[in-house]
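I have placed the structure first, in the form of structure tokens, so that the comments after it can refer back to it.
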Amino acid sequence: MSTDLQKEFDKATGYELTDSDIDKARLMIGVDLASKDKEQIQTATVDTIRNFAQGCGSDNPLFVDPDYAKGTRWGSVIAPTMMAGVINSPMLGDPIDPELKAKTKSMFRGIHVFVSGGEWKFFKPIYPGDTLFSYRGVVSVDMQPSEFAGRKVNRITRDVKVNQRGEVVATYAYREIMTERKTAAKKGKYMAIEPASYSDE
């Protein structure tokens, strides 16, 4: 590795996973903040529901055929549950407390973050005319030993999707794993494998 590349590598891997960062992250547990995101779809319609369903390869008449759907117990077309993930209108809400914002500034700087999975739960159908809003908060922050990187932080964050009637439509909880780059770089199980080299021949 060239000197310049080595310097860049050392800089990128020089950050440490500190107890201070973990303490800061735990201050955010239970603090829900309104999402200001404005997705391409903010309000579901018969057309957007049909297009989403067909784009996913589904021709379920409950999603794509208003005449059929009208005769079901739902009384209307409803959206595929996963459409909750692509509908969002900005939600009004208080900003983060300035003192808390200052206390949690720059946490996990330069630390690897892997999103390792998530879980959706669905509670209410999405009808044409429904607008979805969301808020997000940290549920838990745990430190654990790691064979890969010495130690790791598991952080669970949950999004809550609500409609214009104030009903919870769905929740999405996802796990982030944070590790030190320098430790992971030294302990990666593939580190012993030499890169391939080829002659001109």
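Under the √(5λ) rule applied to the eigenvalues of the Cα gyration tensor, what semi-axes describe the equivalent ellipsoid of the chain? Give them in Å, descending.
For the chain, the ellipsoid semi-axes come out as 42, 25, 14 Å.
When the chain is fully extended, how far beyond the present Cα-Cα distance does Ser58 get from Leu33, taking 0.36 nm per residue of separation? Write out the running numbers ahead of the final one.
Details: separation 25, 0.36 × 25 = 9.00 nm, distance 3.40 nm.
So the chain would gain 5.6 nm between Ser58 and Leu33.
Let me make sure I get this right: for segment 18-78, a, b and c are the square roots of the gyration tensor eigenvalues over alpha carbons, sorted descending. Under 1.5 in a/c it's rounded, otherwise prolate if a/b > b/c, else oblate. Which is it?
Prolate is the answer for segment 18-78, as a/c is 1.5 or above and a/b outweighs b/c.
Add -39500 (n - 2.57) for each DSSP H run of 4 or more in the chain, then divide by its residues: what number comes out at 222 nm, to the nearest 500 deg cm²/dmol?
Theoretical 222 nm ellipticity from helices: -6500 deg cm²/dmol.
Quick check: at a probe of 1.4 Å, how many percent of the accessible area of the chain sits on carbon and sulfur atoms?
51 percent
Which of rounded, prolate, oblate describes segment 88-179, given a ≥ b ≥ c as roots of the alpha-carbon gyration tensor eigenvalues and a/c under 1.5 marking rounded, otherwise prolate only if a/b is larger than b/c?
Taking the square roots of the gyration eigenvalues as a ≥ b ≥ c, segment 88-179 is oblate.
The values are calculated or read from the model by the stated rules, or taken from the named source; none is laboratory data. Fair warning: this is a prediction, and the values are worked out from it, not measured in the lab. Heads up: the accessible areas ignore ligands, DNA and RNA and are worked out on the full protein's heavy atoms, side chains in. Shrake-Rupley method; radii C 1.70, N 1.55, O 1.52, S 1.80 Å.
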